[in-house]
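Here is the structure we will look at.
The values are calculated or read from the model by the stated rules, or taken from the named source; none is laboratory data. These numbers come from a predicted model, not from an experiment. Note that each Cβ is placed from the backbone with ideal geometry, even for glycine, and that neighbours are counted across all protein chains shown.
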Amino acid sequence: MGYKNWKKALDKSKGFMKHENTVAHKINVSKWHEYCIRVNENSSVSTQINESVLEKHRYYVSSIFDIVRFIVAKELPLRGYDEESHNECGIFQSLFEYTLKKDTRLQECYKIIPKNASYLSPEIQNEMIALMSSCVKEHTVSKVKMANIPFYTVMMDGTRDKNNQEAISICIRYVKDGVPTESLLSIENSHSLKADSLTDLIFNVLENNGLDPNQILSQCYDGASVMSGSSGGVQALLQQKLKKNIPYVHCFNHQLHLIVVHITSDVPEVRQVFDYCRVIHQIFSTFKFKTFYEGSATSRLMEQRWTGHLKTAEAIRKNYQQMLQALNSALSEHVSNLSGDEIVEYRGLLTMMKTLKFRFTLLAILRVLRSVEPADAILQKKQTGLASAIPVILTVFTCLKEYRSDTAFLEVFEESKQLYGQEEEEADVDEPEVQQVTKTKRRRIPNKNLDGFFLTQSSGLYSDNDSATRTTSTSDASRKLRQIFFNIFDRVINEFEKRFFENQKLYKLLDSVSNLKFESIDADLQELRLFNITVPTKEEIFCVKRYLEQKELKNEEFFTELYNQRVAFRETYEMMAAIATFGCSSAMCEASFSFLSRILSPFRQRMTFARESNLTVLACERKALESISNEMLLKKFNTRLRRLQLY
């Protein structure tokens, strides 16, 4: 009946207290507790009755996850060409309708779905994208925590996206299952590019993803002062905050690119040649020239990537005669179809391409770019670490020094003359002549400090009459070409020495340990202990080296074999894994910017930065995305109250 007066309700003789002791109340309380237990154990009567309905709900939502997963992995827009358009003509809606027609089971599930819970809205799409991105990051972090050694290298780079927002890419390098791996951890938006802000950003990203900053073994950035500054740069502030020595490596890819850019911009003859190459690409890529030019196409030259310079130089070298014939044909047989500006442009280009200076400079810089290409190729691979990159850089540097010789000059000189295939004009090159001079009484001893330098003219200390009888070239063209050749190689060699050998102590240490050299093993092991790296005994290292020698393995097979025998040589493998963790390139960050650029197409520039970041992570780490099960996504998607009950 209830009570109207609280005094009577709280009376111990006839109020609530009396009701609690009745049999009916105790039975109902028992039933309520039993119901709560069934709900918590997912075994309530309503759930058991509707299990088939819940299964249909899960299949329906799982199908939507599959569609979103497919679209983001292929870097396609979900809502067509306009991310703000909410109409039903987008790729997501079209693919859902197509799947609905083909999948009869999905049709059955769709029939029981409430119209206000179809989960096809843009808000649900963004939520699913964010959820998948979170799972991918968790997958990466779990791999880092389960890595063979508890160390990793942090890499960071930034760029301005098409919305004029600063996008900061943070990647990590670690060793898992005997394989060095690099993964994109996050794309963040930074409103400040100061060193302290970027340092805090690194710490926040690592801590938010559950990674310990104290496990950073090395750091790799570009050479900007805000990153590389020895006192106020990110690399210095990171070491100060963690109070430990964390070696900084200037990205080898950036250094290699800066060397090529320096040569192509600071040497006037090389700069002019590539200016001509740009004109060649513009002319020979037109439809008008494609009708009578059958040679291979040239590449567009880009300041960000020097590989286009190599491809264009190779194309001109290979199709030089065909290009000259095409220009001659355009100026003779097709001149009536050309404008006055085109005639002037074609004739000027033809004249410059025929000169010996153009051919010689093209072949000289081509030799430099061909020498640098192996280093660029290996630095683009994710598995390449600092220890494996150093020998390649040293080899390229040695080859460049060997190419700086009179023999190499004569080879390029002869090849440039043969490239034209006709007699040279007198103004182009003269033949060497023998000049008879008197012999001096005293023998002149050359200064050894001038070895490796080329003197293009007399210093004035001695006259030509004081020289011994010799054969010299009186051709001004030949002397100028020699000066161009040695100027190119001197600048390249100087740039290599200045950029790649500034941290020689670390490079020598890693090279010595990775090759198990015993000359300075005691000092090397002591250096490694400063990085908290596991150091084996000298006896174990000696045993490992003899084992590898008996196997007759190549250097690149050492690490794999040590991983297979890690039970026997545990400490040596952990040491080698730590060496392999040292990064040398931020190419992974550059790769994430390529994904970002493709995702942020001209029709998709209105999306939020959070969506932009999540889409980039999913596209860049598509293998990790494929490994995430729908069961995990459904459970995370079901964490808050939904109209569609999944479990």
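Let's see how each residue does on (1) surrounded by 15 or more Cβ atoms within 10 Å (Cβ to Cβ); (2) in contact (Cβ under 8 Å) with a residue 60 or more places away in the chain; (3) basic (K, R); (4) not in a helix (DSSP H, G or I):
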{"position": "Q255", "(1), (2), (3), (4)": "yes, yes, no, no"}
{"position": "K311", "(1), (2), (3), (4)": "yes, no, yes, no"}
{"position": "E314", "(1), (2), (3), (4)": "yes, no, no, no"}
{"position": "A330", "(1), (2), (3), (4)": "yes, no, no, no"}
{"position": "I343", "(1), (2), (3), (4)": "no, no, no, no"}
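So which residues in segment 396-445 are at pLDDT 70 or above and more than 49 Å from the chain's Cα centre (by Cα), if there are any at all? None; the set is empty. Restricting attention to segment 555-577, which residues are over 17 Å from L217 (Cβ atoms) and touching an Asp or Glu at 6+ places or on another chain (Cβ under 7 Å)? Once the filter is applied, which keeps residues that are over 17 Å from L217 (Cβ atoms) and touching an Asp or Glu at 6+ places or on another chain (Cβ under 7 Å), segment 555-577 yields F569, T572. Entry remark, segment 142-192: residues being in a strand (DSSP E or B) and without any contact (Cβ under 8 Å) to a residue 12 or more places away in the chain number 1 in total.
If I ask for residues that are over 17 Å from Q645 (Cα atoms) and either assigned to a helix (DSSP H, G or I) or over 40 Å from the mean Cα position of the chain (by Cα) (or both), which ones from segment 95-113 would you list?
Filtering segment 95-113 down to residues over 17 Å from Q645 (Cα atoms) leaves 95-105, 107.
Passing the criteria: L95, F96, E97, Y98, T99, L100, K101, K102, T104, R105, Q107.
Pairing residues of segment 228-246 that are assigned to a helix (DSSP H, G or I) and at pLDDT 90 or above with residues that are among the charged types (D, E, K, R) and surrounded by fewer than 17 Cβ atoms within 10 Å (Cβ to Cβ), at Cβ distances under 8 Å and at least 6 apart in sequence or on separate chains, gives L237/D196.
On the given criteria, is S218 in contact with a Pro (Cβ under 6 Å, 6 or more places away or on another chain), part of a strand (DSSP E or B) and not aliphatic (A, V, I, L, M)? Here the answer is yes, as S218 does meet what is asked. Within the set T99, T159, the sole residue that is in contact with a Phe, Trp or Tyr (Cβ under 8 Å, 6 or more places away or on another chain) and not assigned by TED's automatic domain parsing to the domain that holds Y563 turns out to be T159. When E207 is tested against (1) outside any loop (DSSP other than H, G, I, E, B); (2) buried (at least 16 other Cβ atoms within 10 Å of the Cβ), exactly one condition is not met: (2).
Filtered by the rule that a residue be among the charged types (D, E, K, R) and surrounded by 18 or more Cβ atoms within 10 Å (Cβ to Cβ), segment 360-388 gives R367, D376.
This table checks each residue for (1) among the β-branched types (V, I, T); (2) at pLDDT below 90; (3) closer than 22 Å to F603 by Cβ.
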| position | (1), (2), (3) |
| --- | --- |
| S63 | no, no, no |
| V72 | yes, no, yes |
| D82 | no, yes, yes |
| D103 | no, no, no |
| P114 | no, yes, no |
| Q125 | no, no, yes |
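Would segment 574-582 turn up any residue that is within 25 Å of N214 (Cα to Cα), in a loop (DSSP other than H, G, I, E, B) and at pLDDT 90 or above?
Within segment 574-582, the first condition is being within 25 Å of N214 (Cα to Cα), and the residues that meet it are 574-582.
Of the ones still in play, those that are also in a loop (DSSP other than H, G, I, E, B) are 582.
Okay, now just the ones that are also at pLDDT 90 or above, so 582.
Looking for residues that are within 25 Å of N214 (Cα to Cα), in a loop (DSSP other than H, G, I, E, B) and at pLDDT 90 or above, one finds at least one in segment 574-582, hence yes.
Looking only at residues of segment 280-303 that are surrounded by 13 or more Cβ atoms within 10 Å (Cβ to Cβ) and of a type in the set (A, V, I, L, M), we find that the one that is nearest to R359 (Cα to Cα) is I280. Could you please find all residues in segment 171-197 being hydrophobic (A, V, I, L, M, F, W, C) and either crowded, with 23+ Cβ neighbours inside 10 Å or in the same structural domain as L562 (by TED's automatic domain parsing) (or both)? Hits for segment 171-197 are C171, I172, V175, L184, L185, I187. Screening Y507 on (1) farther than 30 Å from T264 by Cα; (2) in a helix (DSSP H, G or I); (3) touching a residue at least 24 places away in the same chain (Cβ under 8 Å); (4) not acidic (D, E) shows it passes everything except condition (1).
Could you list all residues from segment 281-308 that are assigned to a loop (DSSP other than H, G, I, E, B) and of a type in the set (S, T, N, Q)? Talk me through it step by step, then tell me what you get.
We begin by selecting, within segment 281-308, every residue assigned to a loop (DSSP other than H, G, I, E, B); these are 285-286, 291-306.
S285, T286, T291, S296, T298, S299, Q304, listed by residue number.
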